[in-house]
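Peer 1: To start, I am sharing the structure in question, which I have written as structure tokens.
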Amino acid sequence: MDLQGKTALITGGGHRIGRGLTLALARAGCNIILHYNRSQAAAQATAAEAEALGARVLLRQADLSHLDDAGPLFADLPDALTPVQILVNSAAIFPKDTLEDVTVAGWSQTFRVNLRSPILLTQAFARSLPADVAGAVVNITDWRTERPYLTHFSYTVSKGALDAFTRTAAIQLAPRVRVNGIALGAMLPPEGATEAYWQSVLATVPLARSGGVDVAGDTLLYLLRNDFITGEIIRLTGGAHLKM
Ligand SMILES: NC(=O)c1ccc[n+]([C@@H]2O[C@H](COP(=O)([O-])OP(=O)(O)OC[C@H]3O[C@@H](n4cnc5c(N)ncnc54)[C@H](OP(=O)(O)O)[C@@H]3O)[C@@H](O)[C@H]2O)c1
């Protein structure tokens, strides 16, 4: 896919990894529908950075845990931003829980944000695409679905289901829409994490460093541009998956 002038909708695009993905899209020539929930100021700042790179940007606020129909996110868009040809599902929550202590409410919240909303958004995205237009979806997942976190039960299971959804949607939406994933490793410390915790994570990375946001952006652009990749989930782990 030639990205110049294409419109991308990204969830959670205002800060941290989402910001990095937004700016990578802007540098590649995309226009952007930048979704945020609570981080309005960060989203506005990222939008200004993307606009300075030449992108048109439209901000859309939504609490994805309350989403029963993602259609409105694709509705009433200015002509200059249609059709939306790229969807990046990056928004997620990372609550601490275990199989023993998870509650129905906690489980439900994690699944609503991390799995249900990417599914509803992908459905609305595919429905909104004109019949003769190609699209691409990239889901941001986590390589730890292969080596489960003991401390983030509902997160790990939700991201594992997102991996299965990525492959299933790739088949169901082919040949018009490609669906891929990026399984991130240690990119940025979780907000509020201690330095000691982060160093303990980096000690498990053969390349002995964190990934940062730029490699995630580069991989996103690679998956979008390469028209023969679908149903693929690329690990960005610095080799951690070989070690643990
Ligand atoms: N950081 C890492 O090293 C790492 C590692 C593995 C995987 N990942 C994955 O990479 C992605 C981004 O990670 P991150 O660390 O940058 O995440 P983060 O800092 O925790 O940000 C989460 C994003 O999700 C959005 N979000 C959360 N709850 C929402 C809700 N109810 N409705 C709508 N949006 C909601 C937030 O939007 P607002 O702030 O606007 O509310 C925010 O933009 C996630 O999918 C994560 O699982 C990250």
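Peer 1: Taking the Cβ of L207 as the centre, find all other residues whose Cβ is under 14 Å away and add up their charges (Lys, Arg: +1; Asp, Glu: -1). Let's see the in-between values first.
Peer 2: Values: positive: R209, R235, K243; negative: none.
Here the charged neighbours net out to +3.
Peer 1: A follow-up question, please. If you bin the C-alpha pair distances of the chain every 5 Å from 0, what whole percents do you get?
Peer 2: All Cα pairs considered, the percentages come to 1, 7, 14, 18, 21, 18, 12, 6, 2, 1, 0.
Peer 1: Multiply the residue gap between A48 and R209 by 0.36 nm, knock off their C-alpha separation, and tell me the result in nm, one decimal place.
Peer 2: Values: separation 161, 0.36 × 161 = 57.96 nm, distance 2.99 nm.
Roughly 55.0 nm would be gained on extension.
Peer 1: Based on the Cβ-Cβ distance of T82 and S200, what FRET efficiency does E = 1/(1 + (r/R0)^6) give at R0 = 35 Å, to the nearest 0.05?
Peer 2: Working: r = 47 Å, r/R0 = 1.33.
So, using R0 = 35 Å, E works out to roughly 0.15.
Peer 1: Reachable lysines from K6, Cα under 29 Å, same-chain residues fewer than 8 places away excluded?
Peer 2: Partners found: K159.
Peer 1: Now a separate question. If contacts are Cα pairs under 8 angstrom and at least 6 residues apart, what is the relative contact order of the chain in percent? Walk me through the numbers on the way to the answer.
Peer 2: Working: 466 pairs, mean separation 49.1, N = 244.
Computed over the chain, the figure is 20 percent.
Peer 1: Packing-wise, with mean Cβ within 10 Å as the measure, how do 93-106, 142-155 rank, highest first?
Peer 2: On the way: 93-106: 12.4, 142-155: 18.0.
By packing density, highest mean first, the sequence is 142-155, 93-106.
Peer 1: Could you rank the peptides 119-127, 23-31, 11-19 by their average count of other C-beta atoms within 10 Å per residue, with the highest value first?
Peer 2: Details: 119-127: 19.6, 23-31: 21.8, 11-19: 24.2.
Order by mean packing, descending: 11-19, 23-31, 119-127.
Peer 1: Right, next: Which net charge results for the neighbourhood of L184, defined as the other residues with beta-carbon distances under 12 angstrom from its beta-carbon, given Lys and Arg at +1 and Asp and Glu at -1?
Peer 2: Working: positive: R16, R144, K159, R235; negative: D142.
For residues surrounding L184, the net value is +3.
Peer 1: Also, I was wondering about something else. Using 1/(1 + (r/R0)^6) with R0 = 25 angstrom and r between the beta carbons of A174 and Y149, what's the FRET efficiency to the nearest 0.05?
Peer 2: Result of the calculation: an efficiency of 0.20.
Peer 1: Another question, if that's okay. What translational diffusion coefficient, to the nearest whole µm²/s, does segment 170-244 have by Stokes-Einstein, given a Kirkwood radius computed over alpha-carbon pairs, a temperature of 20 °C and 1.002 mPa s viscosity? Before the final figure, lay out each step's value.
Peer 2: Details: Rh = 13.8 Å.
Value of D from the Cα-based Kirkwood radius: 155 µm²/s.
Peer 1: Report, to one decimal in Å, the Kirkwood hydrodynamic radius for segment 46-159 based on all distinct Cα pairs. It would help to have the intermediate numbers written out before the result.
Peer 2: On the way: mean 1/r = 0.0629 Å⁻¹.
Evaluated over segment 46-159, this radius sits at 15.9 Å.
Peer 1: Can I ask one more? Name the residues whose placed amide hydrogens come within less than 5 Å of the amide hydrogen of L236, ignoring near sequence neighbours (fewer than 5 apart) on the same chain.
Peer 2: For L236, whose amide H was placed from the backbone, the distant partners under 5 Å are A183, L184, G185.
Peer 1: For A75 and D63 in one chain, what is 0.36 nm times their gap in residues minus the Cα-Cα distance, to one decimal in nm? It would help to have the intermediate numbers written out before the result.
Peer 2: Values: separation 12, 0.36 × 12 = 4.32 nm, distance 1.64 nm.
Full-extension gain reported as 2.7 nm.
Values quoted throughout were computed directly from the atomic coordinates according to the rules given, and no laboratory measurement underlies them. Owing to the predicted nature of the structure, the values given are computational and were not obtained by experimental measurement. For neighbour counting, all protein chains shown are included, and Cβ atoms are generated from backbone atoms with ideal geometry for every residue, glycine included.
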